[in-house]
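**Q** Attaching a single structure in structure tokens format; questions to follow.
The values are calculated or read from the model by the stated rules, or taken from the named source; none is laboratory data. Owing to the predicted nature of the structure, the values given are computational and were not obtained by experimental measurement. Using ideal geometry, Cβ is built from the backbone for each residue, glycine included, and neighbour counts are taken over all protein chains shown.
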């Protein structure tokens, strides 16, 4: 009898051990599987030079930004857009808009003034003052994002150095100059319509007077301005009336430029022309 009892105990002991161990294993496996099912891959946010991680199982990019306490300014850029649904491992990048004050300098070109003087003999010209360009300072408010300028607003400007004009003194006196109806006296300044032409249009490269076509040579109507006269053209400078043209009649003057582009850029405009000499 004792022998049978001992044998039964030996058979029942392993079975009891299995009953105690197997439920624990089952719970461990179920817990592991459940953990994998509920694990959330983090969403990363690149902003202000740092990387933030947010764990959300649902929502949008805006929800992730709110969870990370990241606020977007009106000019900031968020990629992807805030209404984009979240997905595992989504990477969000925020580009901040930066506003700064920029100061630039700008050249003030020196102009030219022509002053008649009765103290000088007619036909005599003097440079009373040499030109000097001025300079002004411009202050802008510039807003940029990711290296691209979004807006540029001028806040103010101030003259750092005023421009100094070139002053040419022209001798006065009574001079007879030709006109359509003949010679008349006392006329020193003429308002004319000026246009530009390139030096290359002349076939031989020479003007009517045999001069080389270049900047500083102008075509005129000899009945208004004598050929060979020295003139000063507003906005062009000193020149010599050395050419004529079929379309240059009356108060018209054609200004020679080195290139076609310069001539086209000049266009056509009204200018004052000073007769410096005959």
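**Q** Within the stretch 85-105, take every residue that is free of Cβ contacts under 8 Å to residues at least 40 places away in the same chain and part of a strand (DSSP E or B) and give me the one that is farthest from residue 133 (Cα to Cα). Step through it out loud before you land on a result.
**A** Restricting attention to the stretch 85-105, the residues satisfying the condition of being free of Cβ contacts under 8 Å to residues at least 40 places away in the same chain are 85, 87, 103-104.
With the extra rule that they be part of a strand (DSSP E or B), the set shrinks to 85, 103-104.
Working: 85: 60, 103: 19, 104: 16 Å.
Taking the candidates together, the pick is 85.
**Q** Of all residues being outside any helix (DSSP H, G or I) and at pLDDT 90 or above in the stretch 260-278, which is nearest to residue 211 (Cα to Cα)? Just the residue, please. Working first, answer last.
**A** Taking the stretch 260-278 as the starting set, the residues that turn out to be outside any helix (DSSP H, G or I) are 267-278.
Within this subset, residues satisfying the condition of being at pLDDT 90 or above are 267-273.
Details: 267: 24, 268: 24, 269: 25, 270: 26, 271: 24, 272: 24, 273: 21 Å.
Looking at the filtered set, the residue picked out is 273.
**Q** Select from the stretch 217-241 the residues that are in contact (Cβ under 8 Å) with a residue 24 or more places away in the chain, within 38 Å of the chain's Cα centre (by Cα) and under 17 Å from residue 168 (Cα atoms) and write down the one among them that is surrounded by the fewest Cβ atoms within 10 Å (Cβ to Cβ).
**A** Top of the filtered list is 235.
**Q** Every residue in the stretch 204-216 that is assigned to a loop (DSSP other than H, G, I, E, B), surrounded by 13 or more Cβ atoms within 10 Å (Cβ to Cβ) and more than 38 Å from the chain's Cα centre (by Cα), please. Please lay out each step first, then the result.
**A** First, pick out the residues of the stretch 204-216 that are assigned to a loop (DSSP other than H, G, I, E, B): 204-205, 207-211, 213-216.
Remaining after also requiring surrounded by 13 or more Cβ atoms within 10 Å (Cβ to Cβ): 207-209, 211, 213-216.
207, 208, 209, 211 - these are the residues of the stretch 204-216 that are assigned to a loop (DSSP other than H, G, I, E, B), surrounded by 13 or more Cβ atoms within 10 Å (Cβ to Cβ) and more than 38 Å from the chain's Cα centre (by Cα).
**Q** On the given criteria, is residue 104 modelled with pLDDT of 90 or more and over 30 Å from residue 238 (Cα atoms)?
**A** Details: modelled with pLDDT of 90 or more: yes; over 30 Å from residue 238 (Cα atoms): yes.
Answer is yes for this residue.
**Q** Oh, and also: Can you confirm whether the stretch 161-182 contains a residue that is under 30 Å from residue 110 (Cα atoms), outside any strand (DSSP E or B), modelled with pLDDT under 85 and more than 28 Å from the chain's Cα centre (by Cα)?
**A** Step one: list which residues in the stretch 161-182 are under 30 Å from residue 110 (Cα atoms), which gives 161-173.
Restricting the remaining residues to those that are outside any strand (DSSP E or B) gives 162-163, 165, 172-173.
Retained after the next criterion (residues that are modelled with pLDDT under 85): 172-173.
Adding the requirement that they be more than 28 Å from the chain's Cα centre (by Cα) leaves 172-173.
Scanning the stretch 161-182, I find at least one residue that is under 30 Å from residue 110 (Cα atoms), outside any strand (DSSP E or B), modelled with pLDDT under 85 and more than 28 Å from the chain's Cα centre (by Cα), so the answer is yes.
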